[in-house]
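Single-structure report; data block below.
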């Protein structure tokens, strides 16, 4: 097979899992960053393999009707966003398609029940968590894609405004640090900056021990090492299609995507007050605490020590919530009493094989799988379906606008 030129012109025909558009040249697949299916483009290649090549669009000869001007001056240089050049409703369509494609290709689901994604009203300024790199001159920024080169930035359009405020105040003033982590909560007004270092011009209103966030009327403590969902900016929404009477939430109100994620889990559990629920990969106890007053018992499982400490704090006054500090694969095989539902919210690598084996042996009537990676989701769903479950539906929701990342919640029943 002949070698490919460094630049080539081709027709883009599809969207791939990593957010790159796809074309073909000389019998090989070409992944083109910053392209859109349907476009005729010129691509500059930076990676050549025997079966595929990877590059980026450097000229658009026939643009897609869904191409828009990216509002961020760093787009294309910063690796944080991949899809600012795509009209937002079309981004949601692509996420639904990519998720369904992964379920077909990896999970072998012929007609996967993937619903249209739940998107944002305004898909900007949503992130509550930033990890800034710092250069030798004390400038804050991010790393360029496919490299270790530093890119200083003065503003990020997907960060919540308190984070950009910290960025402005620290820019060029924090030498001798490798990274600065900033978290914020619009509902509590708290800002966490870490580390608390003498080089940082500290604001007395900042915190370095933990941040408090609110979700569905509950307050959660989140320590610096602990995970929490990043999209917590409230927007006015009508969720009468999702919220059931008796849950205690208004049908119309200010809800973030993270709130909706919690409501989806609640909807799929569909509690009657007598259930025992396992909240695996429980983190700071978000789902378990939200469910606790609507079921008989919640068992949380989490291996992160900081998250377990946060979870035990967050579940104070919740007598039917039990937290176990251990790996999920160590605890599930030991459960010897009936469980009505298991919630899975694993990291991007998905569930360990031992978790799948134990889950099939435990055989709860319902499994609710929260995923941020369609490929590992497809793998694990296939194991569960082959083990006797039926995949009822997969609901994507846009936790990460302007990027290719896809969050989803799946319901399986025996």
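Of all residues being touching a helix residue (DSSP H, G or I) at 6+ places or on another chain (Cβ under 9 Å) and surrounded by fewer than 13 Cβ atoms within 10 Å (Cβ to Cβ) in segment 171-202, which is farthest from residue 150 (Cα to Cα)? Just the residue, please.
189
One line per residue, one yes/no per condition, for (1) at pLDDT 95 or above; (2) surrounded by fewer than 24 Cβ atoms within 10 Å (Cβ to Cβ); (3) within 19 Å of the chain's Cα centre (by Cα):
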{"site": "365", "(1), (2), (3)": "yes, yes, no"}
{"site": "376", "(1), (2), (3)": "yes, yes, yes"}
{"site": "379", "(1), (2), (3)": "yes, yes, yes"}
{"site": "384", "(1), (2), (3)": "yes, yes, no"}
{"site": "414", "(1), (2), (3)": "no, yes, no"}
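So, residue 305, is that one free of Cβ contacts under 8 Å to residues at least 60 places away in the same chain and surrounded by fewer than 22 Cβ atoms within 10 Å (Cβ to Cβ) or not? Don't jump to the end; show me each part of the working.
On the way: free of Cβ contacts under 8 Å to residues at least 60 places away in the same chain: yes; surrounded by fewer than 22 Cβ atoms within 10 Å (Cβ to Cβ): yes.
Yes: the conditions hold for residue 305.
Which of the residues that make up segment 317-326 are touching a strand residue (DSSP E or B) at 6+ places or on another chain (Cβ under 8 Å), in a loop (DSSP other than H, G, I, E, B) and over 15 Å from residue 287 (Cβ atoms)?
326, the sole residue that qualifies.
Conditions first: (1) in contact with a strand residue (DSSP E or B) (Cβ under 9 Å, 6 or more places away or on another chain); (2) closer than 13 Å to residue 370 by Cβ. Residue 266 passes all but one, so which condition is the exception?
(1)
Which residue, of 355, 370, is under 22 Å from residue 114 (Cβ atoms) and either assigned by TED's automatic domain parsing to the domain that holds residue 105 or modelled with pLDDT under 95 (or both)? If you could, list the steps in order and put the result at the bottom.
Values: 355 fails: under 22 Å from residue 114 (Cβ atoms).
The unique qualifying residue is 370.
Taking segment 46-61 only, how many residues are more than 29 Å from the chain's Cα centre (by Cα) and buried (at least 16 other Cβ atoms within 10 Å of the Cβ)?
The total comes to 1.
Looking only at segment 77-88, decide whether some residue is part of a helix (DSSP H, G or I) and closer than 19 Å to residue 405 by Cα. Break it down stepwise before answering.
Let us first name the residues in segment 77-88 that are part of a helix (DSSP H, G or I), namely 88.
Checking the rest, the ones that are also closer than 19 Å to residue 405 by Cα come to 88.
Scanning segment 77-88 turns up at least one residue that is part of a helix (DSSP H, G or I) and closer than 19 Å to residue 405 by Cα.
Could you please find all residues in segment 74-115 being within 28 Å of residue 151 (Cβ to Cβ) and without any contact (Cβ under 8 Å) to a residue 24 or more places away in the chain?
Hits for segment 74-115 are 75, 87.
Can you name the condition, by its number, that residue 38 falls short on among (1) outside any strand (DSSP E or B); (2) under 26 Å from the mean Cα position of the chain (by Cα); (3) surrounded by fewer than 18 Cβ atoms within 10 Å (Cβ to Cβ)?
(2)
Residues that are within 17 Å of residue 396 (Cβ to Cβ), surrounded by 18 or more Cβ atoms within 10 Å (Cβ to Cβ) and touching a helix residue (DSSP H, G or I) at 6+ places or on another chain (Cβ under 7 Å): does segment 91-100 have at least one?
yes
The values are calculated or read from the model by the stated rules, or taken from the named source; none is laboratory data. Keep in mind it's a predicted model, so treat the numbers as computed, not measured. With ideal geometry, Cβ positions are generated from the backbone for all residues, glycine too; neighbour counts draw on all protein chains shown.
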